[in-house]
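Bear in mind that the values in this text are calculations on the coordinates, not laboratory data. Note that the structure is predicted; figures quoted are calculated from it, not measured. Here the Cβ positions follow ideal geometry from the backbone for every residue, glycine too, while neighbour counts run over all protein chains shown.
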């Protein structure tokens, strides 16, 4: 193997380094027992969430479990973290629901969009873009997360209140069916208001009762060694399901919808089906796929970062993105939905002793066993119980305390947060992320521009003021007809115009020589170079001579590569201010 190949395949240069390979070195029975216990508990925790996320997303409940099985296995097998648990999450509910209920796309469109998102995630990881994802502004993340939380809460109101609507069967019989609402936020609340007269008190009691059980059971059982490891959501579903079975036994006329009333659960892994890709479908789904990819990347890396802080580890973000991408390419082929790292399940894994990816693999195996053996029993679960689970999920997602804290931050951050939040709620998550990013970038550029200052020195330069003086250590007098401008900060678009503004403000006649001191300019971009060229050409047209002073090596190289010297002699770019002033004197003397 030659030196180039060795360099490429050096471990330090590899992009894809699954943590499982590292974890199995020295793996012992004690570690396995901890992973086994954690994997079983996480599998039990994931069950009600997977079912709830599947139904809330507009697909059948087993698709949520299939996602947790297939994606959970792949993410643990190939991921860049030791303890990450992957599967369906609340962040994708709104997107999936809108795709599935769009006649143009449907389930087939969801499969294609998820695969495209997976390809994007693999590309991000392969191009070592894992670190870049972390720089998405925090207000955007909080804004769309809070928006998703409110949207999830809204989608569950129909099941919590037990609202129904009239429908006509094929035989012409008029029956009452669960209320179907529009996809938009405002439309949903209008539909709830119009059908509030169908309010089902018993359904509401089951929902509120399940909600209370979910909230208070973990607190009540906090000191009970075994029972305190079972999540409140599972207690809520078990107790709620038992209560509904008793109610229906005593009062059969009471209508409380269960999963079995709306879905037929297939207790098996479906065969792999490859969708038919067309250029038209791919093009139309690309923005949605981008949103899925960005959401998946943010949530998975955020979960990994949280886990790092707990177990004192450091994840490989690029490997994690590749694993997430592979999971989202493979999972939809088996009927699954988008998946990512789940913070709550990851923390459950850690808190119960999981320390290697083996725990995540066991969690997937537990869910597979439940799917094949126990899933028919899930048909007895009331929809009101699942709605209660999702209300808790939305509350935990909302981060209202964080939102409250961010409202005290600068107005620019608040505006990004609010715009992202309202666009997510009222319009679409795709638009929210795109507009939020554009707004955040615009505000960031505005802040950078504000940090770059141009000062005018009119009479003399004091050597005690950090002047880049080379020969003299005395005050340097600026000759008449010459003005010195000092730039503090990056030189990019918007800066050149400040020279004319300054000249107008000081009210003097335009100088014959302008010295631009750039000792505090760390970099100059292509737009800055273009603007600097325009500035020089305009000054030359007015008969004003330009001299650059204190250009550092990096900026000097950028100017040279751009062909900047074709309009300006290299001897007019001076290393020190005293050299620049001498050049100015010579020019003024010759004129």
Could you state the number of Å between the C-alpha centres of the range 312-338 and the range 50-113?
12 Å
Averaging over all projection directions, find the projected area of the Cα convex hull of the range 157-262 and quote it in nm² with one decimal place.
8.9 nm²
Taking the Cα atoms only, what angle lies between the long axis of helix 383-398 and the longest principal axis of the chain, rounded to 10 degrees?
20 degrees
Just one of [x] -0.33; [y] -0.24; [z] -0.21 is log10 I(q)/I(0) by the Debye sum over Cα atoms at q = 0.05 Å⁻¹ as worked out from the coordinates here. Which one is it?
[x]
Within 10 Å of each residue's Cβ, count the other Cβ atoms and sort 92, 53 from fewest upward.
92, 53
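Within a 10 angstrom radius of the beta carbon, how do 76, 562, 60, 549 rank from fewest other beta carbons to most?
Values: 76 31, 562 15, 60 20, 549 25.
Ranking 76, 562, 60, 549 by Cβ neighbours within 10 Å, fewest first, gives 562, 60, 549, 76.
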